[in-house]
Amino acid sequence: MFKRIAFSVNGKAFNFEVDIRESLLGLLRNRLGYTGAKKGCGVGECGACSVLIDGVPFDSCIYLAVWADGKEITTIEGVASKSGELSDVQKAYVEEGAVQCGFCTPGLVLTTTALTESGEDYTRDELKRELSGHLCRCTGYQSIIKAAEKSLEGHICTCVDSPHYKQQQEKK
Amino acid sequence: MYDIAGYYEVDTVSEAAALLAENPKFRLIAGGTDVLIKMHGGQLEDVELLSLRKIKALERIRKAEDGTISIGAMATFSQVFEDPILREMIPILTEAAISMGGPQIRNIATIGGNVCNGATSADSASSLFALNAQLKLEDQQGERLVPIREFYLGPGKVALKPGEILTEILISPDDYQGFGGQYIKFAMREAMDIATLAVSVICKLQGKTFAQVRIGLGVAGPTPLRCLEAEAYAKGKEISTATVAEIGKLAVKSAKARTSWRASKEYREHLVEELVQRALKTAIVNAGGEELV
């Protein structure tokens, strides 16, 4: 069974028939060539397949391709500028040495990008929570957190006396 | 590729109910974080899916004039966590929501799917039990309300009749107004983990005594459950560490914990006794009482 859907990937519009059995990850990798999204666990635990759908991170391995109808998808291929210059988030990951084998990196960069684009402030604990859907089996978490903090400079609160921290505590 | 034999989607509950009445074998899919995982594991094969994803009306969270809170079955865990009404009125549910999975899962997994999957470890369940949530089930003939305690029948088994769809979760004002609560999820990791034990406690105080205490437990038995004996004991008792300790002990009597690879029966019972006390102590403060030292 096939279904016609229209969607965009990194600003490029697509309109074609997808197999209803296909995951978005399969569609992106096998039919469109966006191999930056990685297949890790295949059950939504590791986050290697994460892509942004209308700006929000999702695990594309457990997202049916037919659900992408009408959506704007961003993969890691769409993060750098057209001329090839890395985005600020990508630069932060390079500068902090937050990339080892690189398998978790596309997902982490995309989630971090979504956080920077939200314009919101995060405490360190909240930042860790927002990144918790990505497993790094090289266990390079310290550098990853540093890179994410660098990307969110001005929006990270590390001081317990700050108004933001107090506000968060009151909410709890 | 997933083993899907057919895929259908509709825009309204009535269309979904009509299609489901014609084809009782259709499997409903919401966020897919349970259904697709089961397919991946080979537990579900060759299924025809009826998707509820396009029914926007089911995503709504609102408070009616009489104070009844209504949560659409298709509200995602992220929506539940971020909802200002729920955060203010029933924080034990929003805290449960943020404890589930990781961000990408919370962005798609729905509260209705969590309940209908029938797992004792469902992160929303212990809080919904403590809050006496009512579930609105609709089919082609009409709708009925089922208390959540009667909905869970056994592991993975719920009281949905063929053709029925869970559309709303309702919480009456008598079940949350004036209560203070606390939710504790005990797991090996702080994210992306299934609870070893989940405890949700709410209490209402009257001067120096407990007017009411309600205790919901997850993973303490084949289904989520309530500690009715401990709750009955608490009624009218003085708020003291001795009373709280006795409530913790009595809570273990309602638990039907078993040994699994995550934890032994004895360990889970120890957790019930200890975590019920901890949750209740915080709940007392949240209900306006003095901190017990």
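Tabulated results
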{"item": "Rg and Dmax [Cα atoms of segment A:1-78; Å; Rg one decimal, Dmax integer]", "result": "11.2, 30"}
{"item": "Sorted by Cβ neighbour density within 10 Å, fewest at the top, the residues A:Leu25, B:Leu292, B:Leu28", "result": "B:Leu292, B:Leu28, A:Leu25"}
{"item": "Distribution of pairwise C-alpha distances over the protein assembly as shown, 20 Å bins, in %", "result": "23, 54, 22, 1"}
{"item": "Residue order, fewest to most surrounding Cβ atoms within 10 angstrom, among A:Glu170, B:Glu231, B:Glu190", "result": "A:Glu170, B:Glu190, B:Glu231"}
{"item": "Whole-Å semi-axes of segment B:181-286's equivalent ellipsoid (Cα gyration tensor)", "result": "24, 14, 10"}
{"item": "4 °C / 1.567 mPa s Stokes-Einstein diffusion coefficient of chain B, Kirkwood radius on C-alpha pairs, µm²/s", "result": "66"}
{"item": "Rounded to whole Hz, the Karplus (6.51, -1.76, 1.60) HN-Hα couplings of segment B:67-74, x for glycine and proline", "result": "x, 5, 8, 10, 10, x, 4, 8"}
{"item": "Amide H contacts of B:Leu197 (H built 1.01 Å from N, under 5 Å, at least 5 apart or other chain)", "result": "B:Phe186"}
{"item": "Label point at B:Lys161 placed 7 Å out along Cα→Cβ; residues across segment B:96-139 whose backbone nitrogen lies under 17 Å", "result": "B:135-139"}
{"item": "Using a Förster distance of 51 Å, the FRET efficiency for B:Glu274-B:Gln141 (Cβ separation, nearest 0.05)", "result": "0.60"}
{"item": "Kirkwood hydrodynamic radius of chain A, from inverse mean 1/r over distinct Cα pairs, in Å", "result": "16.9"}
{"item": "From phi via Karplus (6.51, -1.76, 1.60), per-residue ³J(HN,Hα) for segment B:90-102 in Hz, x at Gly/Pro", "result": "9, x, 5, 7, 5, 5, 5, 5, 6, 7, 8, x, x"}
{"item": "Bridge type composition, segment B:4-51 - antiparallel percent by DSSP, nearest 5", "result": "0"}
{"item": "Local electrostatic count, A:Val79, Cβ distance below 13 Å [Lys/Arg +1, Asp/Glu -1]", "result": "-2"}
{"item": "Relative contact order of chain A, defined on C-alpha pairs under 8 angstrom at six or more residues apart (%)", "result": "21"}
{"item": "Rotationally averaged projected area of segment B:4-51 (alpha carbon convex hull; nm²)", "result": "3.2"}
{"item": "Range of Cα positions in segment B:55-109 per principal axis (Å), largest first", "result": "34, 27, 13"}
{"item": "Cα-centred dipole magnitude for segment B:60-172, charges only on beta-carbon of K, R (+1) and D, E (-1), debye, nearest 20", "result": "180"}
{"item": "Charge-dipole axis of chain B as Lys and Arg at +1 and Asp and Glu at -1 on Cβ define it, positive-most pick from B:Gly207, B:Leu49, B:Ala17", "result": "B:Gly207"}
{"item": "Exposure proxy ranking, count of Cβ atoms within 10 Å, fewest first, for A:His155, A:His134", "result": "A:His155, A:His134"}
{"item": "Rounded to whole Hz, the Karplus (6.51, -1.76, 1.60) HN-Hα couplings of segment B:50-60, x for glycine and proline", "result": "10, 8, 9, 5, 8, 7, 4, 4, 7, 9, 7"}
{"item": "Charge tally in the Cβ shell below 14 Å around A:Ala48, where Lys, Arg are +1 and Asp, Glu are -1, A:Ala48 excluded", "result": "+2"}
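Coordinate-derived values only; no laboratory data. What you are looking at is a predicted structure, and each value in this text was computed from that prediction instead of being measured. All Cβ positions, glycine included, derive from the backbone under ideal geometry; neighbour counts span all protein chains shown.
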